[in-house]
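Please read the structure below before turning to the comments.
The values are calculated or read from the model by the stated rules, or taken from the named source; none is laboratory data. This one's a predicted model, so the numbers in the text were calculated from it and none came from an experiment. Here Cβ is always computed from backbone atoms with ideal geometry, including for glycine, and neighbour counts include all displayed protein chains. Quick note on the areas: whole protein, heavy atoms, side chains included, nothing else; ligands and nucleic acids left out. Shrake-Rupley method; radii C 1.70, N 1.55, O 1.52, S 1.80 Å.
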Amino acid sequence: MSLKVVIIGGGIGGTAAALALLRAGFDVRVFEQVETKTEVGAGIQLSPNATRLLLRYGLGEALKLRGVRPHAIEVRRWQDGSTLSLEPLGDAIEQSYGAPYYHIHRADLLVALSSALPAGVLQTGRRCTGATQTERGVRVQFEDGSQVEGDVLVGADGIHSTVRRTLFGEERPRFSGNIAYRGLAPAERVAHLGVRRNSTNWMGPHGHFVHYFVAGGKYLNFVAVSEQSSWERESWTDRGSIDDARRCYAGWHPQIHGILDAVDETFKWALFDRMPLEAWSVGRITLLGDSCHPMLPYMAQGAAQSIEDGATLAACLADCSAADVAPALLRYEMLRKPRTASIQAAARGNSITFHLPDGPAQQERDATMASQGDLSPRRAAIFGFDAEMIAPSPVAGEGVVVSAKNDAG
Ligand SMILES: Cc1cc2nc3c(=O)[nH]c(=O)nc-3n(C[C@H](O)[C@H](O)[C@H](O)COP(=O)(O)OP(=O)(O)OC[C@H]3O[C@@H](n4cnc5c(N)ncnc54)[C@H](O)[C@@H]3O)c2cc1C
């Protein structure tokens, strides 16, 4: 009989993991706290390490229909707009890594993921309040008083994870000192700006500004990050004032102001992360995505890593009997932790590198970026990774190894 896997959280990580686990033959249920999962108006970048998995889950057509394939990752200078680096994406990336790079509206991605799940797998309006486990299984409690039993429990319930708290206690995330304004500008309102179909990152003193097209090219999505010393609330959906956003970019290139002029509303986010957790699993319960490795968005990898987690988890649980769940989860965690921790650290590093004030350090950064050519080695290591490719289950006493194909990771 196939193992019953209970996933808490129907975000990108939870739904992608469900697809991976269903494909591996498990009996899967996903419990999402909100009745109707809505996403803020914002985009997301999906690199080949994530899209190669989504294509395997049958999402190719949906991505093609709703996504946008950018030509390049471009870094520009805040004031004069000069290009500091240009790394090709488009066909070049697909040829190199066997999967495309997409920009997509989050709502479109979530719809694509959840509609690929068979009816009844995703149950909404079910808020998990805790979980207990025995040697033979897990029991999950919900706010409405109901309970569900399974062989494995996966917490994919985001940065404020209840499942993580159940396993390891309360620990507040760290405010990064950065806030982000996000919004969508209708493409026709920015047509006069000649915005290129790239993932563009403008770097300047104490901030950066990223934009790219989503929704088949109908909207230009932007994420405008600036530094702020404190944050009162941990809300993820505060409306932000466009004038405040404009003030953060005073003196920056007119294209940035042209984009801000074209939006009707912005949302303001405080950006949080955590230090890497020492452990993700206890017995039959594990974590994935932002619940265990929330990261700053400066590598555009948080969702991609949560998608990778699901693929590796399914590979580790494959052929596992109910008695072997705990070692399989430990193996999953051992395979995933070094990679996600290094990307968390790289994202933190970028919060300094991206925001350097003009001066010798900024000049050195710009020179390094200009010399890197087509695709930086760090990016190549991320994009080339195949999270499903794990070595056969190690025999007792042997270490866990990742297949040679993934040496780049
Ligand atoms: C500004 C910004 C830009 C970003 N850009 C990118 C990008 O370009 N590329 C990229 O890969 N990543 C990006 N990210 C990161 C990415 O958004 C996250 O890493 C990703 O959404 C995490 O997915 P998740 O499923 O782990 O968590 P979440 O998206 O937080 O989903 C958790 C789900 O669990 C549910 N839940 C919570 N508690 C419970 C409970 N008790 N019971 C039941 N359900 C519960 C929630 O309602 C939610 O649906 C960005 C993040 C930010 C802030």
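From the convex hull of the Cα coordinates of the range 9-105, what is the mean projected area in square nanometres?
The orientation-averaged projected area of the Cα hull of the range 9-105 comes to 8.3 nm².
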**Q.** Value of D in µm² per second that Stokes-Einstein yields for the range 72-216, Kirkwood Rh from Cα pairs, at 20 °C (1.002 mPa s)
**A.** 107 µm²/s
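Counting each pair of different Cα atoms once, what's the Kirkwood radius of the chain in Å, rounded to one decimal? Spell out each step's value before the answer.
On the way: mean 1/r = 0.0458 Å⁻¹.
By the Kirkwood definition, the hydrodynamic radius is 21.8 Å.
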Q | residue 170-residue 191 pseudo-label distance in nm [points 7 Å out on the Cα-to-Cβ vector] | A | 5.4 nm
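Just the number please: accessible area per residue for the range 145-302, 1.4 Å probe, all protein chains included, in Å².
39 Å²
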Q.
Please report the equivalent ellipsoid semi-axes of the range 71-139, computed as sqrt(5 x eigenvalue) of the Cα gyration tensor, largest first, in whole Å.
A. 42, 18, 15
Q: Give the accessible area for residue 134 in Å² (nearest 10); use a 1.4 Å probe, count only protein heavy atoms, and leave out ligands, DNA and RNA.
A: 90 Å²
Q | Descending Cα extents along the principal axes, the range 91-173, whole Å | A | 50, 33, 26
Q: On a 0 to 90° scale, report how tilted helix 12-23 is relative to the longest principal axis of the chain, with both axes built from alpha carbons and the result rounded to the nearest 10.
A: 40 degrees
Q. What percentage of the solvent-accessible surface of the chain, computed with a 1.4 Å probe over protein heavy atoms, is contributed by carbon and sulfur atoms?
A. 52 percent
Q: Run through the DSSP bridge list for the range 68-149 and note the antiparallel percent, rounded to the nearest 5.
A: 100 percent
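Taking only the Cα atoms of the range 143-280, how large is their convex hull per residue, in Å³?
On the way: hull volume 25.1 nm³, N = 138.
Looking at the range 143-280, the number lands at 182 Å³ per residue.
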Q.
Given bins 5 angstrom wide, list per bin the percent of all Cα-Cα distances in the range 276-393, short to long.
A. 2, 10, 18, 19, 16, 11, 9, 6, 4, 2, 1, 0
Q.
If I build a Gaussian network model for the chain, linking alpha-carbon pairs within less than 10 angstrom, which residue out of 327, 297, 70 has the largest mean-square fluctuation?
A. 327
(Q) Sort 306-318, 94-106 by packing, meaning the average of other beta carbons within 10 Å per residue, with the highest value first. (A) 306-318, 94-106
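At 0.36 nm per residue, minus the direct Cα-Cα distance, what do residue 135 and residue 370 gain on full extension? Give it in nm, one decimal, please. Kindly include the intermediate steps, with their values, before the conclusion.
Numbers: separation 235, 0.36 × 235 = 84.60 nm, distance 5.57 nm.
Stretched fully, the residue 135-residue 370 segment lengthens by 79.0 nm.
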Q) So what does log10 I(q)/I(0) come out to for the range 267-309 at q = 0.25, 0.26, 0.29 Å⁻¹, using the Debye formula with one equal point on every Cα and no solvent? A) -0.94, -0.98, -1.11
Q) How much mean residue ellipticity at 222 nm does the chain get from its helices, if each DSSP H run of length 4 or more adds -39500 (n - 2.57) and you divide by all residues, to the nearest 500 deg cm²/dmol? A) -10000 deg cm²/dmol
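Based on the alpha-carbon set only, what is the convex hull volume of the range 169-209 divided per residue, in Å³? Mind showing how you got there, number by number?
Working: hull volume 5.4 nm³, N = 41.
Dividing the Cα hull volume of the range 169-209 by its residues yields 132 Å³.
How much of the DSSP beta bridge set in the chain is antiparallel, as a percent to the nearest 5?
Details: 52 of 72 bridges.
Around 70 percent antiparallel, to the nearest 5.
Order 371, 230, 281 by their accessible area, 1.4 angstrom probe, all chains in place, largest first.
Correct descending sequence by accessible area is 371, 230, 281.
When Rg is the radius of gyration of the Cα atoms in the range 220-342 and Rh is its Kirkwood radius, what does Rg/Rh come to? Intermediate values should be presented prior to the final figure.
Numbers: Rg = 19.7 Å, Rh = 17.3 Å.
Here the Rg-to-Rh quotient is 1.14.
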